[in-house]
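A.B. asks: First the structure, then my questions, so here it is.
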Amino acid sequence: MDKNELIKLATDARKLSYSPYSNFKVGAAVLCKNGEVFVGSNVENAAYGLCMCAERNALYNAMMHGMKKDDFVMFAVIADTDAPCSPCGSCRQVLDELYPAEAPIYMANLKGDVKETNNKELLPFSFGKDDLE
Ligand code: THU
């Protein structure tokens, strides 16, 4: 599977977004070494603080199917943004914990713009598991 196919799956997942408050739909997809893909969209709540982002839902979906950090090889996120959609700070922290440091993260938008990044770029000097040891 290439990045464009993964972005397409994230785009499909975006259509499942439950976002009646922001009307901002986001989709994400994570590819695993065995070829499986797990997707997520953002899911909002009338108690706004409970809204969950697409990126975290995709990662948690994968974990609930037995996947672990080392199983992940590619990640994509897409929204109808001017520039390729960038993960929020909370998602960066969760990506840092669950997704490999130098594996590609493709940020995309509906116009077809794609930017490749990774956790090291998105969250330099991150606080993580090693800091607690
Ligand atoms: N959102 C995401 O799903 N991912 C991001 O990276 C940015 C924000 C969602 C959260 C909320 O449902 C809506 O977009 C507006 O912030």
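The values are calculated or read from the model by the stated rules, or taken from the named source; none is laboratory data. All figures in this text were calculated on a predicted structure; none of them were measured in a lab. FYI the Cβ positions are ideal-geometry reconstructions off the backbone, even for glycines, and counts take in every protein chain you see. Keep in mind that these areas ignore ligands, DNA and RNA; they rest on the heavy atoms of the full protein, side chains included. Shrake-Rupley method; radii C 1.70, N 1.55, O 1.52, S 1.80 Å.
A.B. asks: How big is the shadow of the Cα convex hull of the chain, averaged over all directions, in nm²? Could the numbers behind the result be given before it?
C.D. replies: Working: hull surface 32.8 nm².
Here the figure is 8.2 nm², rounded to one decimal.
A.B. asks: Regarding the stretch 23-82, what is the average projected area of its C-alpha convex hull, in nm²?
C.D. replies: So the Cα hull casts an average projection of 4.7 nm².
A.B. asks: Mind listing which chymotrypsin sites (Phe, Trp or Tyr not before Pro) in the stretch 1-85 are in a DSSP loop and have 11 or fewer other Cβ atoms within 10 Å?
C.D. replies: Answer by residue number: Tyr21.
A.B. asks: Just to confirm a number: summing +1 for Lys and Arg and -1 for Asp and Glu over residues other than Gly40 whose beta-carbon lies under 9 angstrom from that of Gly40, what do you get?
C.D. replies: Here the count lands on 0.
A.B. asks: For a quick check of understanding: with a 1.4 angstrom probe and all protein chains in place, what accessible area in square angstrom does Glu97 have, to the nearest ten?
C.D. replies: 90 Å²
A.B. asks: Calculate for the chain the 222 nm mean residue ellipticity that helices alone would give, adding -39,500 (n - 2.57) per DSSP H run of length 4 or more and normalising by residue count, nearest 500 deg cm²/dmol.
C.D. replies: So the calculated ellipticity at 222 nm is -7500 deg cm²/dmol.
A.B. asks: Follow-up question, since we're still on this one. Where does the charge balance sit around Ile105 when Lys and Arg score +1, Asp and Glu -1, over other residues with C-beta under 12 Å from its C-beta?
C.D. replies: -1
A.B. asks: Moving on. So, counting K/R as plus one and D/E as minus one, what does the shell of residues with Cβ under 12 Å around Cys91 add up to? Mind dumping the intermediate values first?
C.D. replies: Numbers: positive: Arg56, Arg92; negative: Glu55, Asp96, Glu97.
Once all neighbours under 12 Å are counted, the net charge is -1.
A.B. asks: Further question on the same structure: Mind jotting down the distance between the C-alpha centroids of the stretch 12-55 and the stretch 66-106, whole Å?
C.D. replies: What the calculation gives is 12 Å, centre to centre.
A.B. asks: Do you know the relative contact order of the stretch 1-132, to the nearest whole percent, from alpha carbon pairs under 8 angstrom that are 6+ apart? Mind showing how you got there, number by number?
C.D. replies: Numbers: 285 pairs, mean separation 27.4, N = 132.
RCO, the stretch 1-132: 21 percent.
A.B. asks: Can I ask one more? Find me the longest stretch of the chain that has none of the exposed trypsin sites (Lys or Arg not before Pro), where exposed means in a DSSP loop (not H, G, I, E or B) with at most 14 other Cβ atoms within 10 Å.
C.D. replies: Here the longest run is 69-110.
A.B. asks: Taking θ as phi - 60°, what are the ³J(HN,Hα) couplings along the stretch 122-130 by the Karplus curve (6.51, -1.76, 1.60), each to the nearest whole Hz, with x for Gly and Pro?
C.D. replies: Per residue, the Karplus-derived 3J(HN,Hα) values read 6, 9, x, 6, 5, 8, x, 3, 4 Hz.
A.B. asks: Looking at the square roots a ≥ b ≥ c of the eigenvalues of the Cα gyration tensor of the stretch 44-121, which shape do they give, rounded for a/c under 1.5, prolate if a/b is larger than b/c, or oblate?
C.D. replies: The shape class here is oblate.
A.B. asks: Hand me the tally of lysine pairs in the chain: alpha carbons under 21 angstrom apart, and the pair either on different chains or 8 or more positions apart.
C.D. replies: Value for the chain: 24.
A.B. asks: Mind checking the dipole of the chain: about its Cα centre, +1 per Lys or Arg Cβ, -1 per Asp or Glu Cβ, Debye to the nearest 20? Kindly include the intermediate steps, with their values, before the conclusion.
C.D. replies: Details: 14 positive and 19 negative charges, 73 e Å.
For the chain, the charge dipole is close to 360 debye.
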